[in-house]
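A.B. asks: Sharing a structure here in structure tokens format.
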Amino acid sequence: MSRANARIPVKMHRNVTLIRTSEPVIAEELLARKSLSRLILARLSDTVLLVKPDEADGAVEELRKMGHTPRIAR
């Protein structure tokens with residue numbers, strides 16, 4: 001199989017909470033905040049953070065305390 005046709009395993013999840021930032025430095029800022037970083041399960045890319053299950057409300061509250069105005073899509 002050529003490199004162009006190589007298969008990449010993908011894991012799909014439903015009902016997850018993601019934080020997407022406009023700049024990588026903002027994601028770094030969020031991870032540096034202890035109260036918010038404890039709610040983060042993983043960093044998926046430079047600008048996308050995966051929130052722990054059932055911690056969406058806590059993450060939104062912490063973002064607001066930090067002065068951010070999160071947009072929520074459900």
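The values are calculated or read from the model by the stated rules, or taken from the named source; none is laboratory data. Values in this document were obtained by computation on a predicted structure and should not be read as measured data. Because the Cβ atoms are built from the backbone with ideal geometry, glycine has one as well, and the counts that use them run over all protein chains shown.
A.B. asks: Any residue in segment 57-72 that is of a type in the set (Gly, Ala, Ser) sitting within a Cβ distance under 6 Å of a residue that is at pLDDT 95 or above and part of a helix (DSSP H, G or I)? List the pairs, counting only those 6 or more apart or interchain.
C.D. replies: none
A.B. asks: With the structure loaded, tell me whether Ser22 is part of a loop (DSSP other than H, G, I, E, B), in contact (Cβ under 8 Å) with a residue 24 or more places away in the chain, surrounded by fewer than 13 Cβ atoms within 10 Å (Cβ to Cβ) and among the small types (Gly, Ala, Ser) or whether it fails that test.
C.D. replies: Criteria met by Ser22.
A.B. asks: Check Asn5 against each of (1) free of Cβ contacts under 8 Å to residues at least 40 places away in the same chain; (2) polar (S, T, N, Q); (3) surrounded by 13 or more Cβ atoms within 10 Å (Cβ to Cβ) and name the one condition it does not meet.
C.D. replies: For Asn5, the exception is condition (3).
A.B. asks: Name the residues in segment 25-69 that are in a strand (DSSP E or B) and either surrounded by fewer than 15 Cβ atoms within 10 Å (Cβ to Cβ) or among the polar types (S, T, N, Q) (or both), would you?
C.D. replies: Within segment 25-69, Leu41, Ala42, Val48 meet the criteria.
A.B. asks: May I ask you to verify whether Val10 is modelled with pLDDT under 90 and either touching a strand residue (DSSP E or B) at 6+ places or on another chain (Cβ under 7 Å) or farther than 19 Å from Arg71 by Cα (or both)?
C.D. replies: In short, yes.
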